[in-house]
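Notes for the one structure printed next.
What follows is calculated from the coordinates using simple rules that are stated; it is not laboratory data. What you see is a predicted model; the values in this text were computed from it and never measured. When we count neighbours, we look across all protein chains shown, and the Cβ atoms used for this are built from the backbone with ideal geometry, even at glycine.
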Amino acid sequence: MQTNNMFNYTTLDETKVEYLEIAPASELPNGERLFVDLGDKPVVIFNIAGQFFAIGDVCTHDDGPLGDGMIEGFNVVCPRHGGEFDVRTGQAVQMPAVVDIPAYPVTVRDGTIFIGVPKA
Ligand code: FES
């Protein structure tokens, strides 16, 4: 699958990342999702069985709102045409989506969620 230099924490260089404070982890219980804007980047954070995953909220197929999609395992299903992405990596895993989306590292410090973004 193509990556188009999208940010992806599976190839993370910690020296090139800064962590932004997002919200108390208590605001994102298991099975829920939280929408945030990181500058010009819409991001959705999922809590799947107590683990947090942050991805870009725009489908690479035709700009579908991924954050409105169903979660199946670790995949989010685009509500527009059914493309799927692995929320752990951003990898496109189901047609018609073929281009990966950004995936951001998430960490919880003192009960607060932080998302890692590329340093400017
Ligand atoms: S817009 Fe997401 S699969 Fe088409």
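Worth a mention:
- Each label was represented as a point 7 Å from its Cα along the Cα-to-Cβ direction; for Asp62 and Leu12 these points are 3.4 nm apart.
- Estimated FRET transfer efficiency when R0 is 25 angstrom, pair Ala120-Glu27 (beta carbons, to 0.05): 0.40
- Legend: ranking of residues Thr89, Thr112, Thr15, Thr60 from fewest to most surrounding C-beta atoms inside 10 Å; resulting order Thr15, Thr112, Thr89, Thr60.
- For Val58, residues with placed amide H under 5 Å, excluding near neighbours: Leu66
- Both numbers refer to the Cα atoms of the range 9-118; Rg and Dmax are 13.1, 40 Å.
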